[in-house]
Amino acid sequence: MTKTISARRASQRHDGWTPKRRGKFLDVLARTANVRAAAEAAGKGKCTAYTLRRRDPDFARAWEEALTSAMDELEAVAFERARDGVEKVVVRAGGTPVTIREYSDRLLMFMLSRRRPEAYAALAVDEEDEELTLYRAVEARVAMIEARREGAAE
């Protein structure tokens, strides 16, 4: 009997990745997309997390789902920033702080080129001309959309 219990214990070697720790790791990974932070939150090392991922296909799938969730959230934030801009406090001459809203044409074009590559991906240009070309591409796309709307209204 002792031999059976010892053999069972040896075959069920415990690496410390309890279901609770796995859940904590995956939860933090889904919120942060940061393996180091997720491993720390679970009380484990980053290297042991990668080892577990290599040897456990279910954990590897859950890991990918968590990263997909985190990236979906980041994409939503990037979209909001591209669409709504970001508030920034600037100080005018005389020391008066003023809040302005800044928009990023570069972020906008990146989002558009990823979501609608058929319309925007062909805009690969030299980096010197990139901003001007991106601006012109957005202007052209907006003009095309406006023309289409005007045609539909008639």
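The values are calculated or read from the model by the stated rules, or taken from the named source; none is laboratory data. Keep in mind it's a predicted model, so treat the numbers as computed, not measured. For neighbour counting, all protein chains shown are included, and Cβ atoms are generated from backbone atoms with ideal geometry for every residue, glycine included.
Here are the numbers for this structure:
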item: Close pairs from the stretch 83-98: first not assigned by TED's automatic domain parsing to the domain that holds Val138, partner hydroxyl-bearing (Ser, Thr, Tyr) and part of a strand (DSSP E or B), Cβ under 6 Å, at least 6 apart; result: Glu87/Thr99; Val89/Thr99
item: Test: residue in the stretch 43-54 that is under 30 Å from Met111 (Cα atoms), out of contact with any Asp or Glu (no Cβ under 6 Å at 6 or more places or on another chain) and surrounded by 15 or more Cβ atoms within 10 Å (Cβ to Cβ); result: no
item: Selection within the stretch 39-50 - assigned to a helix (DSSP H, G or I), without any contact (Cβ under 8 Å) to a residue 24 or more places away in the chain and either over 14 Å from Glu64 (Cβ atoms) or among the aliphatic types (A, V, I, L, M) (or both); result: Ala39, Glu40, Ala41, Lys46, Cys47
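A quick yes/no check of all residues on (1) modelled with pLDDT under 80; (2) assigned to a helix (DSSP H, G or I); (3) within 25 Å of Asp72 (Cβ to Cβ):
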position	(1), (2), (3)
Val98	no, no, no
Arg106	no, yes, yes
Tyr120	yes, yes, yes
Glu128	yes, no, no
